[in-house]
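Working notes, structure below.
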Amino acid sequence: MLHLCHGNQLEDLADRLALDLARPVSSVLAPDLIAVPGQGIACWLSLRLAHQQGIIANTLWQFPAELLWYLFRAVLPDVPTTNAFSAEALTWRVLNVLVDEGFVATHPALSHYLESRDPQQRWQLAQRLGQLYEQYLVYRPDWICRWQRQAAENWQGALWRQLIDDGNDRHWLIAQQEMLRRLNGDPSAVEQLPQRISLFALPTLSPAYLELLQAVSKHIDVTIYHQNFSRGYWTEIVSEKERARLIADAGGAVDEYLETGNPLLATMGRQGRDQLAGLLQLEAVETEVFRSPPSNTVLGRIQSDIFELQERDDSQRFELKPDDNSLQLHCCHGIMREIEVVHDQLLGLFQADHTLEPTDVLVLVPEIDVFAPYVDAVFGAATGNRYIPWRLVGRGLANASPLVETFLALLDLPFSRFEADKVTALLDRPALRRRFGLVEADAEQVRRWVRELGICWGIDTRDIAELEFSTGGKHTWRAGTDRLLLGHALGEAGALFSGILPRAPSDGGEAQVVGRLRTFLEQLIELRTDLGGSRTVVSWIELANQVLERFFRVESDDEAEARRLREHLTAIAKVTAVAGFDGEVPLVVFRDALKARFSGTTSGQFMTGAVTFAPLAQGRCLPVRVLCLLGMNNEAFPGRETKHSFDQIKAQPRPGDRRRRDEDRHVFLEALLAARERLYISYVGRDVRDDSEKPPSVFVSELLDYIDSMCKISGNGLPSNALTIVHPLQAFSARYFN
């Protein structure tokens with residue numbers, strides 16, 4: 001049976017989930033399957049369930065797509081462990097077709113785009129198409145089925161048909177049909193299914209996914225715990241912009257039937273509105289665990305108005321009190337100032353409220369990799385009473401792991417000129433220094449030699465000549481290290497020897513460092529040669545493992561990073577094997593594939609007893625006492641959506657489609673409703689050069705307009721101005737001491 005539980009607060013939905021999980025199932029050893037939208041919700045929910053039940057065990061947390069394939073493997077035989085229709089696998093499968101010149105030549109659009117025969121351009125097109133086909137499988141299953149049944153009317157359909165003819169054709173739509181046929185015709189197959197499935201706080205589910213859940217619910221219990229922002233019926237409310245457009249299209253005939261309800265919900269809740277409409281069409285047993293938010297603060301009143309689906313008029317304005325700090329906006333001159341200000345503000349909160357713990361604070365930013373260096377510079381440098389425990393989560397593996405970052409830098413060698421700063425930067429990594437017997441002081445000595453000898457870039461004279469430069473080889477790496485080696489061989493500086501001026505050694509202890517430096521350079525030069533040409537993916541992976549052995553001596557502090565790197569290399573081999581790709585690719589393609597995999601792997605855990613900095617998309621709906629939104633400036637949020645001319649989903653939109661702007665609006669709305677006591681918003685609203693004003697995000701502007709329409713203050717001025725603090729350029733400004 002299908003159950004649908006509505007609730008506006010995750011705490012209540014989690015309590016209902018705990019109550020449902022307390023009901024025993026026939027098999028004690030059967031795990032509870034819970035689908036979650038991300039790792040943040042999984043961490044929060046597991047802690048909440050453990051707190052209520054005393055323990056959390058035998059629970060399998062899965063993303064929605066993983067849950068589907070878990071069901072397929074439970075019921076159907078011979079379902080592979082690696083999905084051949086994931087975006088990553090489809091990329092390699094599409095690349096297999098794009099290297100077929102006969103197929104490309106029959107489609108002018110493809111042949112025109114690939115006429116340069118650039119392998120990186122071909123790979124990038126394969127990546128985009130792989131992601132697009134994955135979206136077609138989820139949001140356009142009718143297109144996929146039509147392309148497989150009959151001759152395609154466009155090149156995308158022909159390309160899909162070629163993928164199916166040349167390789168695995170068992171995508172999730174086919175597996176779904178096979179599973180449902182077996183469940184309906186074989187009673188013993190039902191026993192292979194889990195006895196219950198729970199889906200918790202999933203913001204988007206495609207119509208095809210909902211249809212599958214409806215079909216599976218005929219055999220087992222399926223419960224959807226849906227975060228419903230309002231207890232009113234709001235699936236048909238429209239924003240003022242939508243209302244004006246619909247009235248214009250209909251000539252004013254539909255004016256009286258269009259309702260805006262709460263303006264914020266109507267404007268920002270389009271994605272949630274489509275999701276709710278799809279859920280209400282299901283045949284399900286519905287329950288509600290709604291709870292009205294407290295409305296004694298401006299933040300609580302905003303949340304209450306959304307929950308009650310209410311729009312206040314002038315007679316119902318909320319009086320904004322001077323000591324109401326539940327919602328604050330901070331205007332700064334740059335990211336560094338945003339981090340400095342939020343650090344000081346949090347110090348003030350911890351001092352004023354001793355019950356507030358660092359784990360009660362969540363800081364969300366649009367791009368975590370952009371903010372990470374500033375967070376480390378401010379929060380990491382604080383000491384004594386100013387130190388606040390902090391943690392970064394959600395960073396890509398390439399940015400969060402120094403070892404992986406150095407590994408990728410080694411793969412970039414063929415695309416560099418051996419610049420002095422890039423080569424010496426490699427020696428900053430302890431694992432690499434240990435391999436060549438160098439210590440941190442030796443790395444500093446190498447930098448002094450580089451400055452003294454004038455080493456700029458290039459390997460030697462031949463390398464410079466190949467680049468068609470006439471500067472000679474005096475400032476190359478081999479020229480500089482030859483002077484060092486000759487100086488130690490002769491014992492002191494003297495006249496030219498074979499055209500080389502020896503550099504006098506300062507002491508005998510330098511000789512070992514010079515020798516190890518030269519060994520390191522020769523290894524780099526040999527690696528650049530090895531990285532040339534094209535190889536199969538398996539051969540590239542073997543070489544990558546050799547690079548790990550040749551350039552890193554891994555100890556306990558780097559062991560986990562090295563293991564994860566090897567696991568990703570193995571995973572790429574498995575994906576290409578499932579995709580049936582055995583062709584040769586240049587380094588630029590392998591490197592891009594590796595970086596794409598690393599960027600999709602995030603690091604860190606939520607709820608670790610520290611202030612958590614996370615990407616907005618990963619932690620947006622986690623309920624916390626204090627929620628901080630940084631980087632809410634117009635050019636940073638919402639993100640810009642990349643559009644391609646061949647994206648047919650954008651060309652032929654349908655209800656329930658994913659739209660970047662709607663997703664960002666939904667994320668902002670979830671964050672607005674997740675703050676339990678305080679919502680802190682900051683943005684870059686002043687230019688650092690001339691102090692001119694810069695607009696905040698359009699979502700922040702809409703929130704400010706709503707505050708001005710619903711609140712009143714004593715005296716003159718707008719309520720939103722009373723909530724906004726404009727900070728000076730410098731942290732030591734005299735304004736802070738007045």
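The values are calculated or read from the model by the stated rules, or taken from the named source; none is laboratory data. All values derive from a computational prediction rather than experimental measurement. Backbone-built Cβ (ideal geometry, glycine too); neighbour counts: all protein chains shown. SASA here: full protein model, heavy atoms, side chains in, ligands and nucleic acids out. Shrake-Rupley method; radii C 1.70, N 1.55, O 1.52, S 1.80 Å.
General remarks:
- Unique match (being more than 30 Å from L392 (Cβ to Cβ) and either modelled with pLDDT of 90 or more or assigned to a helix (DSSP H, G or I) (or both)) among L129, L29: L129
- Within region 111-132, the set of residues being open to solvent by 60 Å² or more (accessible area, probe 1.4 Å) and without any contact (Cβ under 8 Å) to a residue 40 or more places away in the chain comprises H112, Y113, E115, S116, R117, D118.
- Scope region 379-404; condition out of contact with any Gly (no Cβ under 8 Å at 6 or more places or on another chain), assigned to a helix (DSSP H, G or I) and small (G, A, S); matching residues: G384, A398
- Number of positions in region 192-206 that are more than 13 Å from R73 (Cα to Cα) and surrounded by fewer than 17 Cβ atoms within 10 Å (Cβ to Cβ): 1
- In this structure, C43 does not satisfy being in a strand (DSSP E or B), open to solvent by less than 60 Å² (accessible area, probe 1.4 Å) and in contact with a Phe, Trp or Tyr (Cβ under 6 Å, 6 or more places away or on another chain).
- Looking only at residues of region 143-194 that are among the polar types (S, T, N, Q) and part of a helix (DSSP H, G or I), we find that the one that is farthest from N96 (Cα to Cα) is S188.
- Residue that is in a helix (DSSP H, G or I), crowded, with 21+ Cβ neighbours inside 10 Å and of a type in the set (A, V, I, L, M, F, W, C), where the choices are F407, F350: F407
- Scanning region 696-724 for residues that are open to solvent by 70 Å² or more (accessible area, probe 1.4 Å) and closer than 27 Å to L265 by Cβ yields D705, K712, L718, N721.
- Within region 195-228, the residues that satisfy the criterion of being assigned to a strand (DSSP E or B), under 17 Å from A30 (Cβ atoms) and not charged (D, E, K, R) are I197, S198, V222, T223.
- Residues (of a type outside the set (D, E) and free of Cβ contacts under 8 Å to residues at least 40 places away in the same chain) located in region 528-537: T529
- Restricting attention to region 410-433 and to residues that are assigned to a loop (DSSP other than H, G, I, E, B) and more than 23 Å from V513 (Cα to Cα), the residue that is least open to solvent (accessible area, probe 1.4 Å) turns out to be S416.
- Of the listed requirements (1) at pLDDT 90 or above; (2) in contact with a helix residue (DSSP H, G or I) (Cβ under 8 Å, 6 or more places away or on another chain); (3) more than 30 Å from R149 (Cα to Cα), M179 misses just one: (3).
- R317 fulfils the conditions (1) among the basic types (K, R); (2) in contact with a Lys or Arg (Cβ under 7 Å, 6 or more places away or on another chain); (3) modelled with pLDDT of 90 or more except for a single criterion, (3).
- Members of region 114-126 found to be among the charged types (D, E, K, R) and assigned to a helix (DSSP H, G or I), listed by number: R122
- Candidates R417, R434 - the one that is under 15 Å from D558 (Cβ atoms) and of a type in the set (K, R): R434
- Looking only at residues in region 447-481 that are more than 24 Å from T529 (Cα to Cα) and in a helix (DSSP H, G or I), the one that is nearest to the chain's Cα centre (by Cα) is R447.
- Q150 being more than 32 Å from the chain's Cα centre (by Cα), over 27 Å from Q275 (Cα atoms), surrounded by fewer than 16 Cβ atoms within 10 Å (Cβ to Cβ) and at pLDDT 85 or above: no
- Qualifying residue in region 68-79 (condition: buried (at least 17 other Cβ atoms within 10 Å of the Cβ) and under 21 Å from Q275 (Cα atoms)): yes
- Search result, residues across region 439-479 that are among the β-branched types (V, I, T) and open to solvent by less than 70 Å² (accessible area, probe 1.4 Å): V446, V450, I455, I459, I464, T476
- Residue match in region 5-14 (condition: hydrophobic (A, V, I, L, M, F, W, C) and open to solvent by 50 Å² or more (accessible area, probe 1.4 Å)): no
- Check on E693, surrounded by fewer than 19 Cβ atoms within 10 Å (Cβ to Cβ) and within 28 Å of the chain's Cα centre (by Cα): no
- Qualifying position, being over 16 Å from T91 (Cα atoms) and open to solvent by less than 40 Å² (accessible area, probe 1.4 Å), among P108, P141: P141
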